[in-house]
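Here's the structure, in structure tokens; my notes come after.
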Amino acid sequence: MHAAGASFVRATGASCAGRLVKRIKFATGELRVYRNRQYVCALTLAAKPGARRAMAVSVQARGGRAAVDRGRFTRQAGPVTVHALNRCVRATGSVAGRSGATGWFGC
């Protein structure tokens, strides 16, 4: 889904392009954040893939709208991408009610 004026896109494929810059582990999975020159991409991976469960990932550049992927997945939520050239970014991820977050970084 794409809202008018928003600076985000849903990435295609199963992974993110760029360099891994953050990896936040939590009880039921992990949040991975990748960055290239202009974009930041995030995805949430389940620690134990299998049954469908509530999962979500979001990434937001400061001053912009968050890109979010939320639903019931077996393995991962995302990837989601935002344009973040020279901007602070934060990301959150959750699997089955447990979550992890980066806080603002890249400022």
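The values are calculated or read from the model by the stated rules, or taken from the named source; none is laboratory data. The structure displayed is predicted, hence computed values, not measured ones. Ideal geometry is used to build each Cβ from the backbone, glycine not excepted, and the neighbour counts take in all protein chains shown.
Side notes on the structure shown:
- Of all residues in segment 58-78, those being hydrophobic (A, V, I, L, M, F, W, C) and within 12 Å of A96 (Cα to Cα) number 2.
- Just so you know, in segment 17-44 the residues that are modelled with pLDDT of 95 or more, over 14 Å from G100 (Cβ atoms) and among the hydrophobic types (A, V, I, L, M, F, W, C) include one that is surrounded by the fewest Cβ atoms within 10 Å (Cβ to Cβ), and it is L20.
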